[in-house]
Amino acid sequence: MEASKCAAYIKKVHKKTKEAIELKAGRKAASMNKHRKKVLFEPRNLMWTHMCKDLFPQQRKSKLLPRGDGPFRVLDKIKDNAYKMDLPASYGVSNSFNVVDLSPFTSEDTSESWTTPFQGGRMI
């Protein structure tokens with residue numbers, strides 16, 4: 001009889017602890033996601049890609065080289081946070097990107113480039 005009371009008490013404590021953990025996790029998730037915004041792109045949109053050293057070792061040999069390239073066309077949506085891009089074969093990397101590494105191309109003028117931010121303007 002004493003063992004069954006002990007087991008019931010342990011189950012009660014376990015249940016309360018589990019509820020407290022779930023409540024805390026829910027609050028933490030709400031806090032962390034408060035400033036996030038859902039970014040969705042459509043196929044055929046033009047996007048800039050962020051080139052980090054791990055994904056683009058050939059294009060990022062020096063820290064002085066540009067970090068962005070493009071614009072490239074979105075081929076397909078894998079999930080809400082992953083897209084297939086139309087990259088040149090010479091890049092030699094996977095064509096799937098997370099939305100963190102993509103930025104929308106806002107101008108219709110394709111002569112603009114991330115590689116030359118002051119082109120045609122006055123340097124300050």
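Sorting M32, M85 on the 10 Å Cβ count, fewest up front, what's the list?
M32, M85
Mind listing the Cα extents of the range 1-100 along all three principal axes, in Å, largest one first?
Between the extreme Cα coordinates on each principal axis of the range 1-100 lie 74, 30, 23 Å.
Taking θ = phi - 60°, what integer Hz values does the Karplus form 6.51 cos²θ - 1.76 cosθ + 1.60 yield along the range 15-21, in sequence order, with x for Gly and Pro?
Computed from phi, the couplings for the range 15-21 are 5, 5, 5, 4, 5, 5, 5 Hz.
Quick note: the coordinates plus some simple rules give every number you see, no bench work behind them. Predicted, not measured: the structure shown is a model, and the values here were computed from it. Every residue, glycine as well, gets a Cβ built from its backbone with ideal geometry; the counts of neighbours run over all protein chains shown.
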